[in-house]
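Chemist: Let me begin by handing over the structure; questions about it come next.
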Amino acid sequence: MTSIMTNASAMSALQTLRSINSDMESTQGRISSGYRVQSASDNSAYWSIATTMRSDNKALSTVSDALGLGAAKVDVAYTGMEAAIDVVSEIKAKLVAAREPGVDKTKIDKELTELKNQLVSISESAS
């Protein structure tokens, strides 16, 4: 009777099976992590570069988010400024109209008060 320890074909098949199993574990590790170089033991130079790049990518993502928030604030301020310019133009027109003879100045004063309140409201909502 032949033993597995003395059977050359069985020993060769066992060695091939162990090699395939080792390669399969390595491939499964790459698939599960999503990285070609999963740890420093795989390839320390590539792992170091990849780790630095992932860190830089996260930092740049944070900067991008901050820039987006800054742009949104500028948009709100710009919209507020446009609205304020429109109201100030109306105030200017009312003041010019108030200089005309025979105009109801009390009515214009009420309208100016409303326009001033609009300016206050615009400034509060834009900040």
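Chemist: Do we have residue 122 as modelled with pLDDT of 90 or more and surrounded by 12 or more Cβ atoms within 10 Å (Cβ to Cβ) here?
Modeler: Considered against the rule, which asks whether it is modelled with pLDDT of 90 or more and surrounded by 12 or more Cβ atoms within 10 Å (Cβ to Cβ), residue 122 comes out as yes.
Chemist: Any idea which of 96, 103, 76, 87 is loosely packed, with under 10 Cβ neighbours inside 10 Å, more than 30 Å from residue 37 (Cα to Cα), free of Cβ contacts under 8 Å to residues at least 60 places away in the same chain and hydrophobic (A, V, I, L, M, F, W, C)?
Modeler: Result of the check over 96, 103, 76, 87: 96.
The values are calculated or read from the model by the stated rules, or taken from the named source; none is laboratory data. The structure presented is a predicted model; accordingly, all values stated were derived computationally and were not measured. When we count neighbours, we look across all protein chains shown, and the Cβ atoms used for this are built from the backbone with ideal geometry, even at glycine.
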